[in-house]
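Undergrad: Just passing along the structure, written as structure tokens.
The values are calculated or read from the model by the stated rules, or taken from the named source; none is laboratory data. As the structure is a prediction and not an experimental result, all values here were calculated from the model. We place every Cβ from the backbone using ideal geometry, glycine too, and count neighbours over all the protein chains shown.
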Amino acid sequence: MTDSLTQAQIAMDQTAGMLIGRRIREVVYYGLEIEDQVGAWDFGDWHMPVMGVELLLDDGSPYSAVWDCMFGYFGLELYASPMTDHVTVVQPKVGGSNQWPVTEHPRWAPLLADPVTKARLVWAEGFADRQGSDGPITAPLALRLDFPRGTVRIIAAMEHAKGRWWLGADEVIVAFSREFTSSIGYPASG
């Protein structure tokens with residue numbers, strides 16, 4: 001890994017660490033509106049925001065988990081800045097960017113009652129397509145957030161065929177159960 005990628009990895013890990021002990025006040029998904037398919041993003045154990053997730057903390061600080069390509073094509077990158085710094089936001093329309101709050105969703109609401117107890121990026125090798133001189137480059141696959149009442153994983157992934165998943169993809173999903181993450185081939189250590 002190059003020095004600039006090593007520095008970026010350290011910075012993103014530090015950004016994840018800044019979430020520990022903090023309370024998330026608001027969660028907003030950013031995705032693509034597909035005609036009038038409101039709610040087509042909720043699949044029970046997982047959600048499909050597509051572009052990314054913005055977390056607003058109790059002091060109003062924004063954090064963005066978005067698929068990007070700094071480490072390869074593609075990874076889940078984390079920034080201490082609003083999603084509008086990372087995606088172009090236009091008024092919702094077919095094929096346009098869209099955002100929707102999910103703070104009160106039954107999967108999120110119980111978790112957000114308490115501060116984050118652990119937060120870390122899950123780095124994995126072989127999911128992004130970039131190769132270094134020593135082989136595949138480690139890339140951020142997911143942001144793992146632990147709360148007293150459960151765990152959420154925001155993952156760069158997409159379903160490419162019924163029941164078959166591509167991890168390290170140019171879409172973002174949110175997973176709420178260990179059973180689901182295991183079923184898609186997500187690393188057991190994450």
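Undergrad: Name every residue in the range 54-75 that is closer than 17 Å to Gly168 by Cβ and at pLDDT 90 or above, in order of residue number.
TA: Scanning the range 54-75 gives Ala65, Val66.
Undergrad: If you go through the range 167-190, how many residues are charged (D, E, K, R) and surrounded by 16 or more Cβ atoms within 10 Å (Cβ to Cβ)?
TA: Qualifying residue count, the range 167-190: 2.
Undergrad: Confirm whether Val174 is closer than 16 Å to Val66 by Cα and modelled with pLDDT of 95 or more.
TA: yes
Undergrad: Can you tell me how many residues within the range 1-33 are surrounded by fewer than 14 Cβ atoms within 10 Å (Cβ to Cβ), in contact (Cβ under 8 Å) with a residue 60 or more places away in the chain and not in a loop (DSSP other than H, G, I, E, B)?
TA: Qualifying residue count for the region: 1.
Undergrad: Would you pick out the residues in the range 34-43 that are modelled with pLDDT of 85 or more and either surrounded by fewer than 19 Cβ atoms within 10 Å (Cβ to Cβ) or closer than 16 Å to Leu78 by Cα (or both)?
TA: Passing the criteria: Asp42, Phe43.
Undergrad: Can you pull out every residue in the range 150-166 that is on the phi < 0 side of the Ramachandran plot, surrounded by fewer than 21 Cβ atoms within 10 Å (Cβ to Cβ), assigned to a strand (DSSP E or B) and not aromatic (Phe, Trp, Tyr)?
TA: Thr151, Met158, Glu159, His160, Ala161, Arg164
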